[in-house]
Every structure is written in structure tokens, then in C-alpha cells.
Amino acid sequence: MRVITTARGFSDALEGERALGRRIGLVPTMGALHAGHRSLVARAAADCDTVAVTVFVNPLQFNVAEDLANYPRDLEGDVDQAAASGAAIVFAPPVQEMYPGFPAPVATSVHVDVVGDLLEGASRPGHFDGVATVVAKLCSLAGRSRVYFGDKDFQQLAVVRRMVADLSLPVEIVSCPTVREADGLALSSRNVRLSGEGRRAAVALPRALDAGLAALGAGERDPVRVGAAMRDVLEAASGVDPDYAAAVDAATLATPARLGGEIRLLVAATVGPVRLIDNVGMTLEPADAVEAAPSASATPVGVT
Ligand code: AMP
């Protein structure tokens, strides 16, 4: 395992691997690795010859200073987990290496319109600019590679895919399914900050998604009603402060007049000091077929 802390060293190492004919898999993370991250590394190791995990708590994507200050960090544990899952390289740069002059504002950043402005983008202004900027830099340093992201952050995946296409970055984006606890809670580095009570309350998020899936299964195609079914579950849970509960088109994240085709249910809520997000996908009959064939089948693709 090589632990690299300079941008130049990282770029050179991957260039060297490619020169030996090896295919590169890149797994960007903010560290505090868990089984969700490990599943990405394992998938990258199955697909590629050399896997690099990046561990960087990107200050640009935090719009609440306290969240950044409290973000869990454990580089030693991360290196062990990355190695055990099949990574050969960990890139863990200090902030000055990624943003020389920080905390002076970064002059050049990436903004992904529309898909980056909805949902999380609306609740956390600037968040996706920070994500898009750091992923663009990591892809630029890494060069030709496959880059692995989790469905857990579905909107992030959509923003990154759009950015990679628009900027013609030489990478292929690969998405991986969400890893969950036995009770359905999606694994997240932030879960360690939940109290015992908060941990029990947090299961309201996957339960809300289940309620949305149940509404769809019962034939509901009005996104407002499906959103309300999910929101009701969040609001009924004590200690859970709901943000959004949305049923949207999976490709655009826009809210259609009627749900059809590939759709995504997304929820966000605060539990104690911790903001949590979750989502699930479903394939419905096409929206224009709804009136003609109301009994057409609906297939869940990522149920809790
Ligand atoms: P983060 O360290 O939270 O920035 O996450 C790094 C990568 O791991 C992102 O692509 C996330 O979507 C992914 N990830 C985080 N949690 C999970 C999970 N529970 N299952 C699968 N992937 C995850």
C-alpha cells in the first residue's frame, strides 16, 4: 500500500501504473471508511488492475462550518480498510495541496446547472460546486480511469456524470448499490455522530422510502402524493426534522406531472446534529402509458 500526500506524486504514480498497461480504478471518499466505501473499492478491484482510494475531507462542499469541524477522520483505519478491500494506493492530501492558498477563496470552481441546484443543492447552497470542483481536480490528476461512486448519494452521481460529460473528462463513471444496516439505515460516515436514540430514529429515512415504494406499488403516480406519503413517515418520527421527500425523474431529478419510467425517491432529514439523506429507485411503466394501462407492472430496483 502506498500512501501519497502530494498531487504531483499521485498523478505520477497513476501515470506510472498506466505505463505498465494497468487499468486504473479511482474511489473518491472523504474517509472514515465503512462497508459502503469498501464495496466500492472491492468493485473497483474486480474491474481494474490498480485501485486508488482518495481520502480528502473537502472543505469546499461543506456549507456548515460545524459539520466540517465534526466530520469523523481516521486515516490509519482508512488505509487498513482500503488495503483489505483491494486498493494499492491511498491519496490523502493536506488541504493546501488541493487548494493552495486556502482558506483564501478558490478562484476557479465548477458549477453544474439545474441538476446541481435542486434538492440537496437547494438545501445546501454551494455544496455541489464543491463536489464538482474536487471531483474535477481528482479526475484531472488521475487521468484515464474508471471512477466509482455510490447510489447512496444519487444526486451527487447525477451531478458528477453531467460534469464529466460536459467537461469531456477522460473517465468512466461507475455507480454501485447502497450498502445498508440490517434495519435498512444506509451506511454513512456521519452515522457515528448519532446518539443511541438518534440511531433508532434514523430508520425513519428508509421507512419513508418504503412508504413511497408502497404508494407507487398501490398505483399512485402523483409525485406530490408520493412525496407526502414519505414525508408523513418522517414527520411521525420523534427526533427527526424532515427537509425534503421527493419523487422525481431519475435522469433529470425534475418533478414530472405524473411519475413514469425510471424514477427516484429521495429523502433528507436532520436527526439530532446529523443531516442524513437516502434514496431508492423504481422502474414504472412509461408516464404516457399510465392512462392506457393503469395495471402495468412496477419493478423496484433498490428496495431497502
Ligand atoms: P463519502 O466519503 O461520504 O464522500 O462517500 C464516498 C463514496 O462512497 C461516495 O461515492 C458515496 O456515494 C459512497 N458511499 C457512501 N455511503 C455508501 C453506502 N452506504 N453504500 C454505498 N456507497 C456509499
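Read-outs: derived from the displayed coordinates by stated rules, not from any lab. Model, not experiment: these values are computed from the prediction. Positions of Cβ are backbone-derived with ideal geometry, glycine not excepted, and every protein chain shown enters the neighbour counts.
At a glance:
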quantity	calculated
Approximate shape of the chain as ellipsoid semi-axes (Cα gyration tensor, √5λ), whole Å, largest first	34, 22, 18
Net +/- balance of residues flanking LEU14 in space, Cβ distance below 14 Å, scoring K and R +1, D and E -1	+4
Three principal axis lengths of segment 1-62 [C-alpha, angstrom, descending]	37, 27, 19
Assigned charges on the beta-carbon of Lys, Arg, Asp, Glu; the chain dipole about Cα centre (debye)	560 debye
For the chain, with +1 on Lys and Arg beta carbons and -1 on Asp and Glu, the positive-most of VAL160, TYR244, SER140 along the dipole	SER140
Segment 110-159 - percent relative contact order, Cα under 8 Å, separation 6 or more	45 percent
Positive dipole terminus of the chain, leading residue within ALA269, GLN96, ALA287 (C-beta point charges)	GLN96
Nearest-20 debye value, segment 72-146 charge dipole, Cβ charges on Lys, Arg, Asp, Glu	240 debye
Whole-Å semi-axes of segment 40-121's equivalent ellipsoid (Cα gyration tensor)	27, 18, 14
Of ALA229, LEU253, GLY77, farthest towards positive along the dipole that unit charges on Lys, Arg, Asp, Glu beta carbons give the chain	GLY77
Span-rule helices in the chain, defined as complete DSSP H runs reaching 24 Å or more along the axis (Cα) with Kyte mean at least -0.5	none
Cα-centre dipole for segment 43-92 with unit charges at Cβ (Lys and Arg positive, Asp and Glu negative), debye to 20	100 debye
THR270 paired with ALA254, simple spin-label distance in nm, labels 7 Å along Cα-to-beta-carbon	3.1 nm
Label-point separation, GLU235 to ALA122 (7 Å along Cα→Cβ), nm	1.7 nm
Antiparallel %, DSSP beta bridges [both residues in the chain], to 5	50 percent
Proportion of all alpha-carbon pairs of segment 129-257 beyond 26 Å (%)	36 percent
Relative pair counts by distance (%), Cα atoms of segment 1-144, 10 Å bins	11, 39, 36, 13, 0
